[in-house]
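Reviewing the structure listed below.
The values are calculated or read from the model by the stated rules, or taken from the named source; none is laboratory data. Here the structure is a predicted model, which means the values were calculated and not measured. Quick reminder, even Gly has a Cβ in these numbers, built from the backbone with ideal geometry, and neighbours come from all protein chains shown. Each accessible area value is taken on the protein alone, full model and side chains, heavy atoms only, with ligands, DNA and RNA left out. Shrake-Rupley method; radii C 1.70, N 1.55, O 1.52, S 1.80 Å.
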Amino acid sequence: MGKIFFIAIALIFTLQVILKPGIKKLLWFFAGVLLFPPAVTIISSPSVPFPRLMIYVLLTVTFIQQKKVFSELKLFVLKVPLLILFFLLLCIGLSDSRLNLFLQFYRPITYFLENFFIVFLTYYYIKSSNDALRIYDFLIKIFILFGLYGLSNYVTKNNEYNAFITNLYNSHDFANDNMITGLYRFRVSSLSWHAIYYGFLLMIMLLMETFMFTSVKIRQKNYVIYIFVAILLLVNLFLANSRTPILGLIAGALIYVLFAIKLTKKIAIFYAVIFAGIVSFAVLPKSAEIVLKTANIFTGRDAEKKGEGSSMKMRQMQLDASVRIFNQSPVTGNGFEYINENLGYSSDTKKSKSSKDLEGFESYYFKLLIEQGMLGIAGNLILFIVLIIWLIKKYFKVSQFGKKIIVFTISITIAFIIFIIGTGDLGSFLFFMSILGINIKLIELNDQRRVIYMYH
């Protein structure tokens, strides 16, 4: 009965993405990929989790319904690096002798569409600055649900939503694994499938709120809501108890405050952060302890022996082990899913058979080394380097509002890179690339325009 319920929900969301015009498609898309974790499998063979369904429905309706999609694709600033990346991923797939011909094409194509091409799909549907601001406003408000349910997790010491889904689909319950009573690093996951991924979402949303507070005239009613959400999400970030999102948030916020905020607002933000910190520390007595232990990532202490997470010593051990496997096939890598299928790694530690030297593959860089080799590393570098260069060049050609969007984009990009290098991607490309596409269009819309925008 439960599976029928989710199939019905999937049908409703699919119809909304198909039938709704313009950015209303994106509202349903974002709701779908955020509210329903990958464990919700709509079709079992081939596996179609709820987020994947949303991606392919949006992709299909875009290229079927929209007449100008190809002309906009030709003008898209990241079209060349995306094309290069796609070609390199295809080379990796075709070089994988473990796979039959179908999978040699299927795996790199689906990997590209689900992790990278989504940046163009969200870009395409933004037609005005108000479209983008409407998406941001929607995301901020939907995270009220995340924040409140995160607090509920903390109070009940249980994630009932994820427990129901994982029991229904007989999958691993990562959310509740992080909340075992007595575990040193108690973590909440809210409506997401994993506490660290939840930390990533909170990191991006808090940076988005910073941008909205400092760049857009917000109505009085929304202003109160935004303040409430900001405090709620900051508290949840400490409850998620993952240090890499905290580091990413600090780095991204510093970039934004230094380059996008006037001195008077810098002072106001400084006091606001102190106030929010005091609230967090008051509500959560261990918040200060979490911040201090974040520094352990950069020390040689064996923090992992105490259950405190990764240290530089552990990461060096993982890097050495990854390089040894990388040397087996340095150019094209060992192929997609090699870590799971050949090394026997599983996120479920009870099922994992991989070497202890590899631990949890706690960096996207390790994944690239092992599975995609030099070609995958080159493709990723080209994409992000082209993006940063374009943002810097564009900075001198846009309005003051546009400059803030650019700095905001750089800040979330740096935060995202810190996250994936420090922890692993954990499916985070989908959300980040979706926001990136919106930002790129918003920057283009503000080229040489002197306008102060108010979200209605």
task: Only one of these is surrounded by fewer than 16 Cβ atoms within 10 Å (Cβ to Cβ) and over 19 Å from N439 (Cα atoms): V155, V61, V57, V80. Name it.
output: V155
query: Assuming V188 fulfils every condition listed in (1) hydrophobic (A, V, I, L, M, F, W, C); (2) assigned to a helix (DSSP H, G or I); (3) open to solvent by less than 10 Å² (accessible area, probe 1.4 Å) apart from one, which condition is it?
result: (2)
Matching helices (runs of 4 or more DSSP H) fully within the range 213-317 where at least 1 residues are at pLDDT 65 or above and under 19 Å from the mean Cα position of the chain (by Cα): 220-240, 243-260
query: What number of residues in the range 83-110 are in the same structural domain as K441 (by the TED database), closer than 24 Å to L436 by Cβ and open to solvent by 30 Å² or more (accessible area, probe 1.4 Å)?
result: 5
field: Index of the failed condition, K3 passing every other in (1) within 26 Å of S189 (Cβ to Cβ); (2) open to solvent by less than 40 Å² (accessible area, probe 1.4 Å); (3) among the basic types (K, R)
entry: (2)
- line: Within the range 80-127, the residues that are within 23 Å of the chain's Cα centre (by Cα) and free of Cβ contacts under 8 Å to residues at least 24 places away in the same chain are L83, I109, T110
- prompt: Quick one: would you say G402 is of a type outside the set (F, W, Y), at pLDDT below 95 and at positive phi?
  reply: no
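Okay, residues lined up against (1) of a type in the set (D, E, K, R); (2) touching a helix residue (DSSP H, G or I) at 6+ places or on another chain (Cβ under 9 Å); (3) open to solvent by 10 Å² or more (accessible area, probe 1.4 Å):
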| residue | (1), (2), (3) |
| --- | --- |
| I385 | no, yes, yes |
| K394 | yes, yes, yes |
| D425 | yes, yes, yes |
| S434 | no, yes, no |
field: Members of the range 64-76 found to be within 25 Å of I382 (Cβ to Cβ), out of contact with any Lys or Arg (no Cβ under 9 Å at 6 or more places or on another chain) and surrounded by 12 or more Cβ atoms within 10 Å (Cβ to Cβ), listed by number
entry: V69, E72, F76
field: Residues (surrounded by 12 or more Cβ atoms within 10 Å (Cβ to Cβ) and of a type in the set (G, A, S)) located in the range 39-54
entry: A39
